[in-house]
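Undergrad: Can you read through this structure? Questions will come right after.
The values are calculated or read from the model by the stated rules, or taken from the named source; none is laboratory data. Keep in mind it's a predicted model, so treat the numbers as computed, not measured. Note: ideal-geometry Cβ built from the backbone for every residue, glycine included; neighbour counts use all protein chains shown.
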Amino acid sequence: MEREGLNASKTFKFLSKYAIYIVLLILFLAMSIMSSGFLTAGNIINILRQNSFVGMAAIGMTFVVITGGIDLSVGAVMAFAGMAAAKYCVADGSLQLPLALAVLLGLAVAALAGLANGLLVTKGKVAPFIATLGMQTILRGAALLLNSGRPFIGLSSQFANLGQGYILGIPIPVVAFIVVIAAGVLLLHFLRFGRRVYAIGGNEAAARASGIMTDWIKIWVYVLASFFSGISGIILSARVQSASPISANGYELDAVAAVVIGGTSLAGGIGNVAGTIVGVLILGIITNGLDLLNVSAYLQQIIKGAIILIAALLDRKAAK
Amino acid sequence: MKPVLSLKHISKSFSGVQALKDISVDFYPGEVHAIMGENGAGKSTLMKVLFGIYKRDSGEIIYKDEPVQFKHAADALEQGIAMVQQELSTIPDRSVAENIFLGREPMIKGLHFVDKKKMHADVREVFKNMGVENIEPHRKMRELDIAQMQLVDIAKASAYHSDVLILDEATSSLTGPEVERLFRLIREFKESGTAILYITHKMDEVFEISDRVTVLRDGELIKTADTKEMTENSLITMMVGREIKDVYPKSEYHPGEVVLEIRNFTRPGKNDNNSFSVRAGEVLGMAGLVGAGRTEMVESLFGLRNDYKGEVYIKGRKAVIKRPSDGIANGIALITEDRKQTGLNLLGNVKDNISMIALKNLCRAGFILKRQERKVVEEQIEALRIKTPSAGQIVSFLSGGNQQKVVIAKWLLLNSDIIIMDEPTRGVDVGAKREIYLLVNELKAQGKAIIMISSELPELMGMCDRQLVMYKGKITGILEKDDITQENIMAKAVGAEEV
């Protein structure tokens, strides 16, 4: 009896491991059949570009969630980093800096926010949910303060090119997403660092007893999440040619949703980068496809929410 | 006189293992009845059967001339059997008074409000009777220290005016004067006709407070007798008197240099001053009862906690150890007591677990050399005969013995000079146990310095060259090979000849 139960749950685990890939494939085929506009080069490029922003944040989020944490500040980090960089890239502004310097500045403030998150969670022993929620609120306020609540507009063409340009015919946001994915795969699956991230998520006390500097690794994980979000936020403001304090609103939840749909366990210890990419694409294709099918935006929200819940339920079942 | 509570022919087994064998014992009003036995002798199981937490396989419980079957602890409490448990059962975020009156708070007449004033006054009254002065009824349990919590637990049980009061290791966190006050209280209960079941490890307490004593061993009742008729020695012999079976492989003893030396290991505010040393090629056993402080001491010297502070010398050089990575860097491996808590990543596979600690030796520029890692892991799986379908198997699917071998493998991969094993065979079947013993002997032959903590005396006696014994956080003796007898160890472990 017990053995049968075990086998059944193994089969279930096997299925739920590959289910998301099957779901992605079915979605892709279904949309291709239902909408003539879906399977065109232009639309595919469009889907990838639109979703690379959440995607970059989601790669960082994957690390955080594998350690058993969560980062609710990534959307605010995106907005703040975008504004911090754009502030020095206003075309006729007095503060204009070389592009590289402005971007570095944006990335640096993002990384600092991550460092603060990491210190709060490890040294301050604040629950990640609360620590990053506080950080989110602070950074939204800071972003509003930067230009008295207004967006930075009239950005230099160099800066705009970061969001609108192409490298080898691929839009720069997509290139950036690919670079972030590569970095994520390297860090999580090939370097010692990644093994420690899993060890902490699986059993932090055991990781500590095994000589792993758990606080140190966790701080780096939060820095990484903010850093990837910073890249995303800067390119996003370049893409829309306006760095707004309210941009990327709610992206943190889209990122969490993508991570969870991708099979990463919110309890920590389980997950991978590939799953997160699939999660991002599933959410992206649903939005795009429903748009093409003229489904009302209100109904779209309901459908997206339902998909997130189903993924979470599968996660709970697989955890048992 | 008629007994107030009688256990008649109680038996209980867990999946084939007989935990209690035909236990019969009577408890009379106005007696303090000590129940003694080693860890695992069946004391707690017996109490759990009495309270209906475990279902007995056979036998009868007679309470006030009626056969009874309690459903749970609250049910028994309702009928006048109160228990103070070894593990504290308090709610940390409620007040002292709320904890004591949990579920039967005095109400203001006609209203559904708790009468806090009366509740606090009643608590003060109870504390006054107990001679407790420094606990205010409105304080949160969380703010109290463990000894105070234990006193609250005792107050809670005594507030029921019960006919039977069970104290299960009730003094484990109490100091001298508090124990004295508890004893005064026990004598008052006794005079008012309460039967008191006093479960303890501590010899001195048994002789001071109890009228009769029952000794359990391996689930059997060895003897019930008047305490007056017993001596410490006769009690100890009854508690441990079992043959050492031939499960312990023989080994040579050729000790080398002193590898690890501990000096003045002391807890803050205590006067323990523990010192000891371990040589290459020897196994030092650490004996003691649960809570004697053995785990705390080795985890402190390894850097996993800092309960004890003092000096650590490794091969004559003073070492600064603040965290586990320092311990590892100084050539210490600590195979922790509880593999599920601090040993394994149960979500991870065998390979990731085994290579977890030694990973930095298997990396170049931060990159894991995956082929080399796999090779080394396969070697460990082979060497320790870990039964797993593959190195990729998630460890939670392995048996307890094989999980334990994974923990040992991950530490052995470090090739440390000093290997500390805290309960290395807990929850491990006999076959795997013997393999672990063989491994210990092999490591010893390689010249490792080994410390072995175990709560199984026969295991310590069978495996160790010297025997360190602790009692209440203090080393009470270090026995050389020829002096190692069960009686000697037990005498020191229960503080019978306290230094």
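Undergrad: Give the residue that is nearest to B:D218 (Cα to Cα), with candidates limited to residues of segment B:447-476 that are hydroxyl-bearing (S, T, Y) and assigned to a strand (DSSP E or B).
TA: Among those that are hydroxyl-bearing (S, T, Y) and assigned to a strand (DSSP E or B), it is B:Y471.
Undergrad: Consider B:R371 against the criteria (1) within 14 Å of chain A (Cβ to nearest Cβ); (2) in contact with a Lys or Arg (Cβ under 6 Å, 6 or more places away or on another chain): it satisfies all of them except one. Which criterion is unmet?
TA: Status for B:R371: all satisfied but (2).
Undergrad: Of the residues A:Q158, A:Q136, which single one is at negative phi, more than 19 Å from the chain's Cα centre (by Cα) and more than 14 Å from chain B (Cβ to nearest Cβ)?
TA: A:Q158
Undergrad: Evaluate the following for B:V395: is it surrounded by 20 or more Cβ atoms within 10 Å (Cβ to Cβ), facing chain A (nearest Cβ under 10 Å), among the aliphatic types (A, V, I, L, M) and touching a Gly at 6+ places or on another chain (Cβ under 8 Å)?
TA: yes
Undergrad: Name the residues in segment B:257-302 that are on the phi > 0 side of the Ramachandran plot, part of a loop (DSSP other than H, G, I, E, B) and not small (G, A, S), would you?
TA: Scanning segment B:257-302 gives a single hit, B:N273.
Undergrad: A:G169 fails exactly one of the following numbered conditions: (1) free of Cβ contacts under 8 Å to residues at least 12 places away in the same chain; (2) of a type outside the set (S, T, Y); (3) away from chain B (no Cβ under 13 Å); (4) at negative phi. What is the number of that condition?
TA: The failed condition is (4).
Undergrad: Working only within segment A:197-225, note down all residues that are more than 7 Å from chain B (Cβ to nearest Cβ) and in contact with a strand residue (DSSP E or B) (Cβ under 8 Å, 6 or more places away or on another chain).
TA: Result: no residue meets the conditions.
Undergrad: From A:L39, A:L25, grab the single residue that is assigned to a helix (DSSP H, G or I) and at pLDDT below 95.
TA: Testing whether each residue is assigned to a helix (DSSP H, G or I) and at pLDDT below 95 leaves just A:L25.
Undergrad: Please determine, by comparing only the residues of segment B:350-378 that are farther than 19 Å from B:S325 by Cβ, touching a helix residue (DSSP H, G or I) at 6+ places or on another chain (Cβ under 7 Å) and not basic (K, R), which one is surrounded by the fewest Cβ atoms within 10 Å (Cβ to Cβ).
TA: B:F367
Undergrad: From the list B:G288, B:G331, B:G316, pick out the single residue that is assigned by TED's automatic domain parsing to the domain that holds B:Y471 and within 24 Å of the chain's Cα centre (by Cα).
TA: B:G288
Undergrad: Taking the stated definitions as given, is A:A243 more than 9 Å from chain B (Cβ to nearest Cβ), among the hydrophobic types (A, V, I, L, M, F, W, C) and closer than 15 Å to A:S52 by Cα?
TA: It is false that A:A243 is more than 9 Å from chain B (Cβ to nearest Cβ), among the hydrophobic types (A, V, I, L, M, F, W, C) and closer than 15 Å to A:S52 by Cα.
Undergrad: What tally of residues in segment B:153-183 results from selecting those that are assigned to a loop (DSSP other than H, G, I, E, B) and either of a type in the set (S, T, N, Q) or farther than 27 Å from B:G293 by Cβ (or both)?
TA: Residues flagged as assigned to a loop (DSSP other than H, G, I, E, B) and either of a type in the set (S, T, N, Q) or farther than 27 Å from B:G293 by Cβ (or both) within segment B:153-183 amount to 9.
Undergrad: Something else now. Quick check on my filter: what residues within segment B:477-499 are polar (S, T, N, Q) and either out of contact with any Pro (no Cβ under 9 Å at 6 or more places or on another chain) or in a strand (DSSP E or B) (or both)?
TA: B:T485, B:N488
Undergrad: Which numbered condition in (1) more than 9 Å from chain A (Cβ to nearest Cβ); (2) assigned to a loop (DSSP other than H, G, I, E, B) is the only one that B:N361 fails?
TA: Just one mismatch for B:N361, condition (2).
Undergrad: Could you run through segment B:303-331 and say how many residues are part of a loop (DSSP other than H, G, I, E, B), within 14 Å of chain A (Cβ to nearest Cβ) and of a type outside the set (S, T, N, Q)?
TA: 7
Undergrad: A further question on this structure: Of the conditions (1) on the phi < 0 side of the Ramachandran plot; (2) free of Cβ contacts under 8 Å to residues at least 12 places away in the same chain; (3) more than 14 Å from chain B (Cβ to nearest Cβ), A:G194 satisfies every one except a single condition; which number is it?
TA: (3)
Yes/no per residue for (1) over 26 Å from B:T200 (Cβ atoms); (2) under 26 Å from the mean Cα position of the chain (by Cα); (3) acidic (D, E); (4) buried (at least 20 other Cβ atoms within 10 Å of the Cβ):
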| position | (1), (2), (3), (4) |
| --- | --- |
| B:G42 | no, yes, no, yes |
| B:P67 | yes, no, no, no |
| B:Q79 | no, no, no, no |
| B:E105 | yes, no, yes, no |
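Undergrad: Same structure again: Return the total of residues in segment B:332-358 being part of a strand (DSSP E or B) and facing chain A (nearest Cβ under 8 Å).
TA: Summing the residues that are part of a strand (DSSP E or B) and facing chain A (nearest Cβ under 8 Å) in segment B:332-358 gives 1.
Undergrad: Taking the conditions exactly as written (at pLDDT below 80 and not in a loop (DSSP other than H, G, I, E, B)), does B:Q150 satisfy them or not?
TA: Spelling it out, B:Q150 is indeed at pLDDT below 80 and not in a loop (DSSP other than H, G, I, E, B).
Undergrad: Does B:E243 satisfy being exposed (fewer than 12 other Cβ atoms within 10 Å of the Cβ), modelled with pLDDT of 85 or more and in a loop (DSSP other than H, G, I, E, B)?
TA: No.
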